[in-house]
């Protein structure tokens, strides 16, 4: 006499569905509980590009795949999708777009963001929001930048760190010309950050040099760029991140 397998099959299917629903609910709960790290920028010239100031986390389905954290300002808002596309299938990419500058508070927030990892590579940029006079006290830029890198190394001792410097600032209403005051400040900060990165053996993506000869790709405001410029930055970032992942033991 043949025994029907339908009830058993139905039970197994129900169990699988229940497990999938439970997993989906757990993922949703984790996403809801995940800090957004939203922020505000008082200077309207330094508005966010893309989806605003927040931490955007990739959905991790394969725990064995490397994880990457991109840190930056509105410029990151323009090029992060290029990096995500280039690393598709190779690494999960989280994006922390923020309007912060060198400060003890920034370093404290950074520590909390890094706890959303662990990350195998951290590609960081910070600069465009620090040029207004008074935001960074004289003599503190280099020590605070060094402390920033030390936070990453303390939280993620096995991670590879990459730094990207700041892009050129143009004169108001003249996208083909540099702003003499703001750009001079950016150059000074790029010089100081390069010194810190050399001391700490951190490779630098020279975003400034990549775009200084491509002012034709600038938007009409003083700081932001068009899609072809962001493609240049995204390609450079993705290339350096891929190389860093290949060097991971």
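No lab work stands behind these numbers, since they all come straight from the coordinates. Because the structure is predicted, anything quoted here is derived from the model rather than measured. Using ideal geometry, Cβ is built from the backbone for each residue, glycine included, and neighbour counts are taken over all protein chains shown.
Thinking of segment 133-246 as a set of Cα atoms, what percent of all their pairs are more than 26 Å apart?
Tail fraction, whole percent: 27.
Taking only the Cα atoms of segment 36-247, how large is their convex hull per residue, in Å³?
Considering the Cα atoms of segment 36-247, their hull volume per residue is 111 Å³.
Sketch the reach of a paramagnetic label on residue 177 as a point 7 Å from Cα along Cα-to-Cβ, and name the residues of segment 218-241 whose backbone nitrogen lies under 16 Å away.
Backbone N within reach: 220-223.
After finding the eigenvalues of the alpha carbon gyration tensor for segment 151-204, what semi-axes result from the square roots of 5 times each, listed largest first in whole Å?
Equivalent-ellipsoid dimensions as semi-axes: 31, 11, 8 Å.
Strictly greater than 15 Å: what percent of every Cα pair in segment 55-106 meets that?
That fraction is 48 percent.
If you rank 94, 73, 179, 188 by fewest surrounding Cβ atoms within 10 Å, what's the result?
Ordered from fewest to most neighbouring Cβ atoms within 10 Å, 94, 73, 179, 188 come out as 188, 179, 94, 73.
How big is the C-alpha Rg of segment 72-162 next to the rule-of-thumb value 2.2 N^0.38 Å, as a ratio?
For segment 72-162, the normalised Cα radius of gyration is 1.13.
Please arrange 242, 166 by how many other C-beta atoms lie within 10 Å of their C-beta, fewest to most.
If I rank by nearby Cβ atoms, fewest first, I get 242, 166.
Please state the Cα pair-distance histogram of segment 83-128 with 10 angstrom bins from zero: what percent is in each bin?
With a bin width of 10 Å, the distribution comes to 21, 52, 24, 3.
With a 10 Å Cβ neighbour count serving as the proxy for reagent exposure, in which order, fewest first, do 246, 150 appear?
246, 150
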